[in-house]
Amino acid sequence: MSRSAKSKPSALSRLPSVDALLRSESGGELVAHYGRPMTTDAVRDALASIRKRYAKRADVDTTDALVGEHAVLARAKRTLAHWFEPSLRPVINLTGVVLHTNLGRAVYPEAVMREVSAVATRASNLEFDLHTGSRGNRDSHVSDWICRLTGAEAATVVNNNAAAVLLVLNALGHGREIIVSRGELIEIGGSFRMPDIMERAGVRLREVGTTNRTHLKDYADAIGDETAALMKVHPSNYEVKGFTQSVGAEALSHLAKANDIVLIDDLGSGCLVDMSVFGLPKERTVGEALNEGVDVVTFSGDKLLGGPQCGIIAGSKRCIDTINRNPMKRALRVDKLTLAALESILKCYADPDRLTESLPTLKSLTRTKQDIDDAAQSLAAALRDALHGDREPMTIDMDIGVFDCESEIGSGALPTRTLPSRAVVLRVNADSRQKHGVNALAAWMRALPVPVIGRIRDEALWLDCRTLHDPSDVAKQLHALVDQARSAASADV
Ligand SMILES: *Cc1c(COP(=O)(O)O)cnc(C)c1O
C-alpha cells in the first residue's frame, strides 16, 4: 500500500454515520419534510459520493470540510429537493404550435379549475342522482350540454378520441366490415393508425377508391351482407391536393340509410362553432356533420374545443345506447376531474360571442398580429436588457430581433393553414469566439424555473409570441438565464 492510500481511512472514518446524521437537528428537519425512507436514501447517496471523491483524491487533506455533518446534509438536501421536484410541470410554449400535443394541448381557463378542484377535494354526485337518491350516470353531467351544442340526440364521453373511435367501431362493427376511402386511412402522431385501430376493434377494414379519388359508386359497390358501416375520417394532418375527389357525408348518409347501415365520422378536432366567425379557416362543425346525416361522430376534447383530454361521441340515440352497453365503455370511461372540466368548458360555448376571451385556445388563435407584436417587442426589450445590459459585458453575444413567422393551430386541426404571427428571434453570433451556440441557448431556456420552449430554425432560436400573453412570465426569469450562461462560460476557462 502506498502512503497516500493509507491516509484514506482516517479521512473516511471521520464521516458521520447515517444514524447520527438522521438524529441531528438538520437531519430531523429533512425527515420531517421528506419522510424517513427518502431522507435515509439521500443521506446514503451523499455519503457514498463523498467516499468516491476521497477514493479518487488519495492525498486529500483529512480536515476537508467535506466530511462534516453540515456538508453531508447539505448535499442530501439538494438531492431530496431534486427528487421531489414535480416531474409534470408548467412550461411556456413559444413553439408557434398552439395545440401542441407534447406540451399538453389545450390550456384551461382559470375559472374551470375552481369546479375541478371542488370535485377533486370532496365527494361528489358523480354517479348519484340527487333527485331520486339512486344510482346515476356519469355522462349525465355533460351529455345534455353536448346535445344542446351539436344538435345530437345523445352523447357519451371516453378517455380520448382514439378511444372513442375504438369503442364506436367495436360497438357498431365487431366481426363485420367497415368501408373507408383509401384517401382517409390516416396515421396521427405515429401511434394512431386507422387500419390498426380497426383491427384492434375487431372490425374488418374494407378499403375503397384510391389515395386521391374515391367516388360514391366505390362505396356502393363495396356494400354487402357483411357491411356494418361506412366511415369518414378527417385527414387531420395532411391534405390531398390536385386531381382529387371525395364523397361528402350527405351523399354517404343517403347510401347508408338505403342499405340500413350507419355512417360514422371521425372529425378529429371537432369544433362546436364556425371558426370562420373568428377569422380562422373554416372547419366543418360537429353540428354540421350531424345535420348532413352522420349517425355517429367522434372528436377530441382537447383540440379546437379547448377542453380536457377526452373523446366525445355524439349522434343518434340508438347508436349511443349500443355504444354505452358495450363492456369497453367501462374500460374507457373518463374520471370526475375530466367531467368537471368538460362541463365547465362546454358552458363557455353558451356565449359564443365571448369565446375568444373565455377560452385560452381561441384567445391565442384569434390574437391580432399587432397584439402579438406588442408582446414580442416587450420580450425582446427584456432580453436585450438582461443579456447585454450597459453595465455588464455581453453574457451571450447575439442579435435579438422581432420577425414575422407563421403559427400553426396544431393537433391536426386545419393542418395546411398557418396564422401570421411575430417571433423574437435570437441569433447567436457565429463569428464571435463563444463556444455556446443556439442549442446551448435553447437548453438554458428549457432549464429555467418555468421552462421556455421555442423552436430552432436556421441556426436561430424562434420564440413565437402568439401564446405569450404575459411577457413578464419570461422576463422575470431572465436573471436565471444569465446565471446559466455565466456559469457555462466560466466552466469553459
Ligand atoms: C387527433 C385525432 C384522433 C386522436 O384523437 P386523440 O384525442 O388524440 O386520441 C383521431 N382521429 C382524428 C381524425 C384526429 O385528428
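Some values worked out for this structure:
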read-out: For residue 154, residues with placed amide H under 5 Å, excluding near neighbours; value: 315, 317
read-out: Taking 145, 444 and counting other C-beta atoms within 10 Å, the order from fewest to most; value: 145, 444
read-out: Relative contact order, percent, the chain [alpha-carbon distance under 8 Å, six or more residues apart]; value: 17 percent
read-out: Rounded to 5, percent antiparallel among DSSP beta bridges of the chain; value: 60 percent
read-out: Cα gyration tensor shape for the range 336-380, rounded if a/c is under 1.5, else prolate or oblate; value: oblate
read-out: Local electrostatic count at residue 120 - Lys and Arg +1, Asp and Glu -1, tallied over other residues with Cβ under 12 Å; value: +1
read-out: Positive minus negative residues near residue 214 (Lys, Arg vs Asp, Glu; Cβ under 14 Å); value: +1
read-out: Percent of Cα pairs exceeding the 40 Å cut-off, where the set is the chain; value: 42 percent
read-out: Net +/- balance of residues flanking residue 264 in space, Cβ distance below 12 Å, scoring K and R +1, D and E -1; value: -3
read-out: Mean residue ellipticity (222 nm) of the chain, computed from DSSP H runs ≥ 4 via -39,500 (n - 2.57), nearest 500; value: -13000 deg cm²/dmol
read-out: Lysines with Cα under 27 Å of residue 52, excluding same-chain neighbours fewer than 8 positions away; value: 6, 8, 77
read-out: Out-of-range pairs (alpha-carbon distance over 28 Å; input 217/329; 336/369; 241/282; 303/336; 282/336); value: 217/329; 336/369; 282/336
read-out: When the range 156-297 is reduced to its Cα atoms, the Kirkwood hydrodynamic radius in Å; value: 15.4 Å
read-out: Reciprocal mean inverse distance between Cα atoms of the range 269-331 - Kirkwood radius, Å; value: 12.9 Å
read-out: Cα pair distances of the range 302-421 binned at 5 Å [whole percent]; value: 2, 8, 12, 13, 13, 12, 11, 9, 6, 5, 4, 2, 2, 1, 0
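We did not get these values from a lab; they are worked out from the coordinates using the rules stated. Since this is a predicted model, take the numbers as computed values, not measurements. Don't worry about glycine lacking a Cβ; one is built from the backbone with ideal geometry, like all the others, and counts go over all protein chains shown.
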